[in-house]
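Below you'll find the structure, written out as structure tokens, and then a few comments.
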Amino acid sequence: MAFPASPTNGQKYTDPSGRVWSYTTATTKWETVGSPVTKKTSTTTAPTASSDSTLGYSVGSIWTDTTNSKTYVCTNATAAAAVWVVVSDGLFTQLSTDPSLPTAGQVWYNTTTKQFHGSDGVSSGTAGAWTTMSPLTTARGDLAGAGVSSSALSFGGYTTTYVGTTELYNGTSWATKSPLTTARGYPAGAGTSSSALSFGGYTTTYVGTTELYNGTSWATQSAMTTARDYLAGAGASSSALSFGGYTTTYVGTTELYNGTSWATKSPLTTARGYLAGAGASSSALSFGGYTTTYVGTTELYGTISHPNIFSLV
């Protein structure tokens, strides 16, 4: 970098990167007095060699040509010899912070770091770690859910009253959908985000209310045989299992839904409420809960194989 020859005291000089220097005769030195300032321009033409430091441009400055839908970045701001490089054949996104979940091929300019960033869409997070995502639109407790991590349904719950609020998660954010027909807290759920079953819960009393979600709205189905809350569920909307819960005491009641009605099955070995469940209606797992204390009890529902034992003599 060549500074001007024979400078005078206080003389300013802007280098090709856009950094400003000042000359002090007492020290006979050039000293920086300012960092490059990123300038952003949006106009109908492309930048030229004259779009340089004398006009306030520096390395990292952005120029958007709206006529040809091209975005340029300045790589050299030398007076009358500025260099601009096309970085996008489209109007370039400028963000102050990087997006939390960028898509494959997405490119943007971070105006805070003054750098171009991109993503290949491949996750590189720590295995086994939790990441905070967008919150529910309506904060609430005592709700239920169905679906998978990239497409989930939340329904029911309690705010200052029992609600039927239903929200769909698309992998990025939540959107409010048609509410449950019967607002309630402590229900259980099964199925997918587009075909879910909600059952049981509490309104002003324990209920066996069952509703089917078809991707658009809820419709009331045959109620459970035993009304209860604090229960768990597993399976699909057409074949679900409900187990455990509370009536006037903790119960191990288990019922199977066949798409039309519920039928009582063998109860849990340990009656309890506030438990969780997973699996299919023919092979489910119940775990945790509360009896007179918190428990880690785990039970498997389904056909258990018992090898035949016979005498050899």
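The values are calculated or read from the model by the stated rules, or taken from the named source; none is laboratory data. Values in this document were obtained by computation on a predicted structure and should not be read as measured data. As a convention, Cβ positions derive from the backbone with ideal geometry for all residues, glycine included, and neighbour counts pool all protein chains shown.
Data overview
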quantity	calculated
Single unsatisfied condition, Tyr72 versus (1) within 21 Å of Thr111 (Cα to Cα); (2) modelled with pLDDT under 80	(2)
Matching residues in the range 42-85 - criterion: being hydrophobic (A, V, I, L, M, F, W, C), surrounded by 15 or more Cβ atoms within 10 Å (Cβ to Cβ) and not in a loop (DSSP other than H, G, I, E, B)	Ile62, Trp63, Val73, Cys74, Val83, Trp84
Within the range 266-286, considering residues that are assigned to a loop (DSSP other than H, G, I, E, B) and among the polar types (S, T, N, Q), the one nearest to Gly235 (Cα to Cα)	Ser281
Residue in the range 113-129 that is touching a Cys at 6+ places or on another chain (Cβ under 9 Å), assigned to a loop (DSSP other than H, G, I, E, B), on the phi > 0 side of the Ramachandran plot and at pLDDT below 85 present	no
All positions within the range 216-238 that are surrounded by fewer than 20 Cβ atoms within 10 Å (Cβ to Cβ) and either under 16 Å from Gly156 (Cα atoms) or of a type in the set (S, T, N, Q) (or both)	Thr216, Ser217, Ala219, Thr220, Gln221, Ser222, Thr225, Thr226, Ser238
Checking Gly233 against (1) under 34 Å from the mean Cα position of the chain (by Cα); (2) assigned to a loop (DSSP other than H, G, I, E, B), the condition it does not meet	(2)
Candidates Leu241, Leu256 - the one that is surrounded by fewer than 23 Cβ atoms within 10 Å (Cβ to Cβ) and under 33 Å from the mean Cα position of the chain (by Cα)	Leu256
Checking Gly245 against (1) in the same structural domain as Ser151 (by TED's automatic domain parsing); (2) at pLDDT below 95, the condition it does not meet	(2)
Neighbours by Cβ (under 6 Å, 6+ apart or cross-chain): first from the range 209-235, touching a residue at least 12 places away in the same chain (Cβ under 8 Å) and farther than 24 Å from Thr176 by Cα; second surrounded by fewer than 18 Cβ atoms within 10 Å (Cβ to Cβ) and among the polar types (S, T, N, Q)	Ser222/Ser261; Thr225/Thr264; Arg228/Thr247
Enumeration of residues in the range 135-183 that are farther than 23 Å from Ser242 by Cα and among the aromatic types (Phe, Trp, Tyr)	Tyr169, Trp174
The lone exception for Ala139 - which of (1) assigned to a loop (DSSP other than H, G, I, E, B); (2) of a type outside the set (D, E, K, R); (3) surrounded by 13 or more Cβ atoms within 10 Å (Cβ to Cβ) it fails	(3)
